[in-house]
Amino acid sequence: MGNKGIKLLAVDDEALANAHLKSYFEKRGYTVFTATCAEEALPLIKKENPEIMLLDIGLPGMNGIELLQEVRKANRALKVILVSGYYNFDFSEATIKELDICECVHKPIGLMELEQIVKKALSKT
């Protein structure tokens, strides 16, 4: 599958991290949207219907897990990769399955490695 037309949403409270993700993935043909909090992400998800979301856990207000729980009420198709700087996050297999999380990765992560994880997630049906 080519990247052209794939919509990716990056949700991270660090605007610079979002800018790097946007630049990197747009150069590879993705259409990229960014949000710095759940309150920005929810309307984008409804309006743009992205195929994949890179989701930070430590968001202001509603955290990443709470955002994902809200998203899953209406959207089971969205592929989600959790990307977090928290090294103590540990989810049970049941939680990962319940929230349909494709992958959990720790920051820092190289953009090429992250791209491979994105491609792997998108290839799953």
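Annotations for the structure displayed:
- For G85, net neighbour charge (Lys/Arg +1, Asp/Glu -1) across residues whose Cβ lies under 12 Å away: -3
- Each principal axis of the Cα cloud of the chain was taken in turn, and the coordinate range along them, longest first, works out to 33, 30, 26 Å.
- Each peptide in 93-105, 62-74 was scored by the mean count of other Cβ atoms within 10 Å over its residues; highest first, the order is 62-74, 93-105.
- Formal net charge of residues neighbouring N49 (Cβ-Cβ distance under 13 Å; K, R +1; D, E -1): +3
- Separation of the K73 and K97 label points, Cα + 7 Å toward Cβ, nm: 2.5
- Residue pairs exceeding 26 angstrom between C-alpha atoms, taken from K4/K73; K22/K47; K7/K97; K27/K73; K22/K97: K4/K73; K27/K73; K22/K97.
- In terms of surrounding Cβ atoms within a 10 Å radius of their Cβ, V32, V80 rank from fewest to most as V32, V80.
- Label-to-label distance, nm, for residues given as L122 and I109 (7 Å Cα→Cβ offset): 1.5
- Annotation for region 21-125: chymotrypsin sites (Phe, Trp or Tyr not before Pro) lying in DSSP loop with at most 16 further Cβ atoms inside 10 Å of their Cβ are Y86, Y87, F89, F91.
- For the chain, the Cβ-based charge dipole about the Cα centre amounts to some 640 debye (Lys, Arg positive; Asp, Glu negative; other atoms uncharged).
Taken together, the values in this text are just the output of simple stated rules run on the coordinates, not laboratory data. Note that the structure is predicted; figures quoted are calculated from it, not measured. Every residue, glycine among them, receives a Cβ derived from its backbone with ideal geometry; neighbour counts consider all protein chains shown.
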